[in-house]
Amino acid sequence: MDLSKLLQLTIDKKASDLHMVPSYFPTIRVNGEIFQLTTLEIVTPENLEKMLISILNQEQKEILMANREIDLAYKLADARFRVNLYYAQNFLCGSFRYIQARISTLEELSLPALLHQCTDLRQGLVLLTGPTGEGKSTTLASLVNEINQKYAKHIITIEDPIEYVYPKYKSIISQRELHQDTHSWTVALKSALREDPDVILVGEMRDFETISLTLTAAETGHLVFSTLHTNSAPESIDRVIDAFPPHQQNQIKNQLAVVLKMVITQRLIPKQNSIDRIPAVEILINNSAISNSIREGKTFLIANILETSESDGSLLLEKNLLNLYRAGIISKETAYSYAIRPKEIARLIK
């Protein structure tokens, strides 16, 4: 079994992921659904380990042995894959996420035109949130590439690993990969502030120190994009605040109330009568009511404010689901199953 042929098959089948787990058939994910490739051979532990180890350099092998997992980027001709190698029951496994070579526009991704506003901001924090595999990285790349096309800026990205590679337009872009170009998120973020950036992309706000430095970067005159694995805009704000010890939370509430510009929560949901998926989004635009709720620790009010702030551009996820349902793009069952506020979707769809 040849890894390059399996990766090419992943591309040919228009799959988002290839999974290699011992004692299973090679498995791909197409439009969110898992398919085992039963026409191929079952993967043996010995063959798989040999295949996966062959794509690592010596330093990466040492990291894998020490940490029992590693993230990296892998290139096959013009195609790029985000790779995670990991051990399960003491056997090496691999997950490969296919990264499209061309960066799509917001329109091509079927995202709201309002998101173009992010690219015109001069400073502040924009958060992309949602579960893994819901298109956050693709949306982020689209936003950053739009800035790249529109403005002459210095853009620094800190990623684990680098996914999309940006073409040359008006901006200059320094893409830094964890373990290859820097030893840690925090070191890279501290260093970024001395590298004269206009825009900083932080691949993920993983811990207290990363979140703290990300907020500082946004506060000191930079436009910062980052991601969180949260399911709604209010939950995202709570996650940021809760990352800090109690004695620091008042300070962080004040800081977040000022620097936060927008929270975009995204899910990819199946279209009706189609194998394709379309993004459903919740958009929080930070206005005075949202800012006061954050500052006063009343984040439980944010969902209600979202619903009454449509004139500012904010959008409740359930309202977006309702619009997609009324347009005939998704089914009623899909709208109900992807809603995060069951009572709200029941009230909207009668």
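Mind putting a number on the dipole of the chain about its Cα centre? Charges go on the C-beta only, +1 for Lys and Arg and -1 for Asp and Glu, and I need it in Debye to the nearest 20. Walk me through the numbers before you get to the answer.
On the way: 37 positive and 41 negative charges, 145 e Å.
The calculation lands at about 700 debye.
Can you compute the charge dipole magnitude of segment 127-182 about its Cα centre, using +1 on each Lys and Arg Cβ and -1 on each Asp and Glu Cβ, nothing else charged? Give it in debye, rounded to the nearest 20. Don't jump to the answer; show the numbers that get you there.
Working: 6 positive and 7 negative charges, 78 e Å.
Computed about the Cα centre, the dipole is about 380 debye.
Taking 0.36 nm per residue of sequence separation and subtracting the Cα-Cα distance, how much length would be gained by fully extending the chain between K350 and Y169, in nm to one decimal?
60.3 nm
So which lysines can K350 reach, going by Cα to Cα under 16 Å and dropping same-chain residues fewer than 8 places off?
Cα-Cα hits under 16 Å: K319, K332.
Explain nothing, just the number: dipole magnitude of segment 3-99 about its Cα centre with +1 on each Lys and Arg Cβ and -1 on each Asp and Glu Cβ, in debye rounded to the nearest 20. Please report the intermediate quantities before stating the final value.
On the way: 11 positive and 11 negative charges, 49 e Å.
Approximately 240 debye in magnitude.
So for the chain, taking the charge dipole from beta-carbon charges (+1 Lys/Arg, -1 Asp/Glu), which of N148, H247, I302 sits furthest toward the positive end?
Value: I302.
Antiparallel DSSP bridges in the chain: what percent, to the nearest 5?
On the way: 38 of 64 bridges.
Close to 60 percent.
Going highest first, how would you order 214-226, 89-101, 68-80 by mean Cβ packing within 10 Å? Please list the in-between numbers first.
Working: 214-226: 21.4, 89-101: 17.5, 68-80: 15.7.
Most protected by this proxy first, the peptides run 214-226, 89-101, 68-80.
Would you calculate the separation in nanometres between label points at K13 and A77, each defined as 7 Å from the Cα along the Cα-to-beta-carbon direction?
Going by the 7 Å Cα→Cβ label model, 1.8 nm.
Which one, L223, A339, L128, projects farthest toward the positive side of the charge dipole computed for the chain from Cβ point charges (K/R +1, D/E -1)?
A339
Along the positive direction of the dipole of the chain (beta-carbon charges: Lys, Arg +1; Asp, Glu -1; about the Cα centre), which of L193, N320, F25 reaches farthest?
The listed residue farthest towards the positive side: N320.
Quick one: order I155, I294 by neighbouring beta-carbon count within 10 Å, fewest to most.
Numbers: I155 22, I294 26.
Ordered by Cβ neighbours within 10 Å, fewest first: I155, I294.
Read the figures in this text as sums done on the coordinates, not as results from a lab. Computed from a predicted structure; not experimentally measured. Methodologically, a virtual Cβ is constructed for each residue, glycine included, from the backbone with ideal geometry; neighbour enumeration extends over all protein chains shown.
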